[in-house]
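Enquirer: Take a look at the following structure, please.
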Amino acid sequence: MKIDLPNTTVSKIQKTLVHIREEGGAVALGRVLTLIISTALGHEEEAIAAANEASREHPMRVIIVSKNDGDNASPGRLDAQIRVGSDAGASEVIVLRAYGETATDEESLVTGLLLPDAPVVAWWPGIAPPKPAESSLGRIAQRRITDAAAQRDPNTAITALGESYVPGDTDFAWTRLTLWRNQLAAALDQPPYEPVTGVEVSGASDSPSTFLLAAWLQLQLQVPVSVVTSPRATGSSGIHGVTLSRESGDIELERSLVDVATLSMPGQPVHDLSLPRRNLRDCLAEELRRLDPDVLFGDVVKHGVAQLRDSIAS
């Protein structure tokens, strides 16, 4: 069910939510958090679909703040839409489309709609603020999710995030590495348990996950790491492969197909592994499983990225 509230106020939205609750039952019961999504006008639906899917694992209230930055000429107005039932997964969705002066203070738009005593997570699926923790939505959120791959310069965005990192920040470029990290750790857990002497990571030149994976490996293994990139026009996007060098031979994990990778190890047959590219729903659901700061991500983005760039420059 979708309820449109054109040219409305936050107070009227609250009253409508109360009315829906009185008619259909206490729909807010069992909600474990409030997810605030900040998007540009006209780009809401993909993020809403991902949140609806993730809500089946994490029941929540979803508030979408949709506006166009720099739009000061339009008359101030707030249009809203409330979605419940089959249009909202296991959540309730409140879409706020703000225009003109009304869009200048996102915090005031959402404060009255937050679930009481529930954690707040802010997510920017598109262009994110330079310092998420200092933004109007970031100040009220325990976790702040950005996506470096959606920025104008993905690799620069990762470096900037490391410089402005505050515990609670995270990025989907890191979340997309979970399966890669699991497979590489499992490979090193097998005999002959030799130390790694060198690492090569290959991927698309505009893939921030490639550089984050290389930074993680260098930080954890404390060995030289080289990064080989190719223009996206001449190769596939994302990470292409990882080679771990040891005395007995190389461990090679290469994504040969879209969802399949091959693992080659000395003295063993080649294995085909499931290594799918993670979609927004999978990344969002994983990030919502933990509301405490990701200490490892903080170390990698603050120290590992800078260490990697210094080693590449030298």
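Enquirer: Return the residue satisfying two criteria in turn: it lies in the range 66-88 and is part of a loop (DSSP other than H, G, I, E, B) and open to solvent by less than 30 Å² (accessible area, probe 1.4 Å), and of such residues it is nearest to Trp123 (Cα to Cα). Before the answer, list the steps.
Expert: So the first thing to find is which residues in the range 66-88 are part of a loop (DSSP other than H, G, I, E, B), and the list is 68-76, 84, 88.
Still in the running and open to solvent by less than 30 Å² (accessible area, probe 1.4 Å): 84, 88.
Working: Val84: 21, Ala88: 17 Å.
Result: Ala88.
Enquirer: Here is a further query. If a residue counts only when it is over 15 Å from the mean Cα position of the chain (by Cα), which helices (runs of 4 or more DSSP H) contained entirely in the range 148-241 have at least 3 such residues?
Expert: The qualifying helices (runs of 4 or more DSSP H) are 154-164, 178-188, 208-221.
Enquirer: Would you confirm, using the coordinates I've provided, whether Arg144 is of a type in the set (Lys, Arg) and part of a helix (DSSP H, G or I)?
Expert: Criteria not met by Arg144.
Enquirer: Now for a different question. Take the range 283-314 and flag every residue that is of a type in the set (Asp, Glu) and either out of contact with any helix residue (DSSP H, G or I) (no Cβ under 9 Å at 6 or more places or on another chain) or under 21 Å from Arg31 (Cβ atoms) (or both).
Expert: Across the range 283-314, the qualifying residues are Glu286, Glu287, Asp292, Asp310.
Enquirer: Counting only residues that are surrounded by fewer than 22 Cβ atoms within 10 Å (Cβ to Cβ) and among the charged types (D, E, K, R), which one in the range 107-161 is modelled with the lowest pLDDT?
Expert: Among those residues, the one meeting the criterion is Asp117.
Enquirer: Six or more apart or on different chains, Cβ atoms under 6 Å: show the pairs whose first residue is in the range 93-120 and within 10 Å of Arg61 (Cβ to Cβ) and whose second is open to solvent by 40 Å² or more (accessible area, probe 1.4 Å) and among the charged types (D, E, K, R).
Expert: These pairs meet every condition: Leu115/Arg31.
Enquirer: Only residues that are farther than 15 Å from Gly304 by Cβ, surrounded by 22 or more Cβ atoms within 10 Å (Cβ to Cβ) and of a type in the set (Ser, Thr, Tyr): list them for the range 180-232, please.
Expert: Hit for the range 180-232 is Ser207, nothing else.
Enquirer: Within the range 254-277, count every residue that is part of a loop (DSSP other than H, G, I, E, B) and farther than 24 Å from Leu221 by Cβ.
Expert: If we filter the range 254-277 for residues that are part of a loop (DSSP other than H, G, I, E, B), which is where we start, we get 256-259, 265-270, 275-277.
With farther than 24 Å from Leu221 by Cβ added as a condition, the list becomes 256-259, 269, 276-277.
Qualifying residue count for the region: 7.
Enquirer: Something else now. Of all residues in the range 233-279, count the ones that are under 13 Å from Leu179 (Cβ atoms), free of Cβ contacts under 8 Å to residues at least 24 places away in the same chain and surrounded by 17 or more Cβ atoms within 10 Å (Cβ to Cβ).
Expert: Total meeting the criteria: 1.
The values are calculated or read from the model by the stated rules, or taken from the named source; none is laboratory data. These numbers come from a predicted model, not from an experiment. Ideal geometry is used to build each Cβ from the backbone, glycine not excepted, and the neighbour counts take in all protein chains shown. The protein model used for the area step is the full one, side chains on, heavy atoms only, and it has no ligands, DNA or RNA in it. Shrake-Rupley method; radii C 1.70, N 1.55, O 1.52, S 1.80 Å.
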